[in-house]
Amino acid sequence: ISGGWELEVHGTEAKLVRKIAGEKITVTFNINNSIPPSLEEEEETQGEQKPDEQEPDITSTPNFVVEVIKDDTKQTLVLDCHYPEDEVGQEGEDESDIFTIREVSFQPTGESDWKETNYTLNTDSLDWALYDHLMDFLADRGVDNTFADELIELSTALEHQEYIKFLEDLKSFVKCQ
């Protein structure tokens, strides 16, 4: 991923870390359940598939969490983001964001488990101007449409790699007597 991100992968979970101007930005995602359901049922009802049509590319669009930690605070700003199903793969609209922020909260820095008692702001009812400022805040830290596109490519590659490993493990398991 462009922009000086460091990648750590632990099984199906990946973490991207970047440090800029007294801040540490961490993006974590898990490839499990990151492939949207296929639309085969709809295609079957509309007739047979034409021979020249290719299968659509399988892409992994995981939910991802952005954590921003400032050096001099004890709080971490946590933004829970996802790719809306109707936006993925839509070309043409340069102005629209390909990911959205679902929730925002503050969590204590350095704690692995988030506190359920901390207030979490759902962005569905958020003022659009504040939401735009949050998206700009992320973009200033390198989390923008370009990053989101590259995250899809990275996640898809990781998912494919894990899928192949799973098939190999399944083959070995079934062969074993």
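Rule-based calculations on the coordinates, nothing more; no lab input. As the structure is a computational prediction, the values presented were derived from the model and not from experiment. So basically every Cβ, Gly included, is an ideal-geometry build from the backbone, and we count neighbours across all protein chains shown.
Only Lys, Arg, Asp and Glu carry charge here, each on its Cβ (+1 for the first two, -1 for the last two); on that basis region 89-160 has a dipole of about 420 debye about its Cα centre. Using the Cβ-Cβ distance between Ala139 and Ile35 with R0 set to 22 Å, the FRET efficiency from 1/(1 + (r/R0)^6) comes to roughly 0.25.
When each of the peptides 19-31, 109-121 is scored by the mean number of other C-beta atoms lying within 10 Å of its residues, the order from highest to lowest reads 19-31, 109-121. The residues packed around Leu158, meaning those with a beta-carbon under 13 Å from its beta-carbon, carry a net charge of -4 if Lys and Arg are +1 and Asp and Glu are -1.
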